[in-house]
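For reference, the structure discussed in these notes is given below.
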Amino acid sequence: VEGIWKLTAYNVSDGFDINNDGIASVNLLDEIPCTNNETLVFESKGVVTSNQTFNPSIEIGLVNSTSNSYIFNVICDEEGSIGYATNFTLNANEIFINDNIATISGNKLSRVFADAIKIYNEDFTEVVATKDVTLVYMKR
C-alpha cells in the first residue's frame, strides 16, 4: 500500500449531466470544471497524508420533485488546499483510515462516503434524497 495514490474517480450512482453536454457520468470528475490534484501518500510507518484534498461544493436541486431534471451549483475550491495526516491500519485488502474503510483491489483503492451528496428540492430549502460517493484512487 505504501506509495502515492491519485484520485481518478468521484463516483455517484446513476450519474448526472452537470456540464450539460447531453451525457450523464457517474464520475463527477468528468462533469465539473474543478481541478483535481488529490493524492494520498501512504508511508511504511502507518501514516497517510494528503496535501491536495479535492473538495468542491456541489449543490443539486431536483426540479418539480418528481422529475429526472436537476439544477446544479458547483463551486470549485481552487484557492489553497486542505491537508491532513493520520494513522492507518492495513488488514488484508482493507485499510482503516480514521472511521472510514478503504478497499484495495490491485492498484485501485476505493473509499465510500455514505450520504455525501445531498439532493435538495428546487429552491434548495430541503434535502429530499442523498447519494453515496465512492472515491477511487490509482497507485502511481
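The values are calculated or read from the model by the stated rules, or taken from the named source; none is laboratory data. Predicted model only: the values in this text are computed from it and were never measured. Note that each Cβ is placed from the backbone with ideal geometry, even for glycine, and that neighbours are counted across all protein chains shown. Note: areas computed on protein heavy atoms with side chains; ligands, DNA, RNA excluded. Shrake-Rupley method; radii C 1.70, N 1.55, O 1.52, S 1.80 Å.
Here is how the numbers come out for the structure above:
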| read-out | value |
| --- | --- |
| Spatially near lysine pairs across the chain, Cα under 15 Å, sequence gap of 8 or more or different chains | 4 |
| Cβ-derived FRET efficiency at R0 30 Å, D132 paired with S67, nearest 0.05 | 0.85 |
| Mean Cβ neighbour count within 10 Å, used as a protection proxy, ranking 7-13, 51-57 highest first | 7-13, 51-57 |
| Rounded to whole Å, sorted largest first: equivalent-ellipsoid semi-axes of the chain, Cα gyration tensor | 30, 15, 14 |
| Cα centre as origin, Lys/Arg/Asp/Glu Cβ charges: the chain dipole, Debye | 700 |
| Accessible area per residue in Å² at 1.4 Å probe, computed on the chain | 56 |
| Accessible surface of the stretch 44-133 [probe 1.4 Å, protein heavy atoms]: carbon and sulfur percent | 45 |
| Probe 1.4 Å, all protein chains present, accessible-area order of K6, K45, largest first | K45, K6 |
| The stretch 57-101 and the stretch 107-140: distance between their alpha carbon centers, rounded to Å | 5 |
| Simple spin-label estimate for V26 and D99 in nanometres, 7 Å along Cα-Cβ | 2.7 |
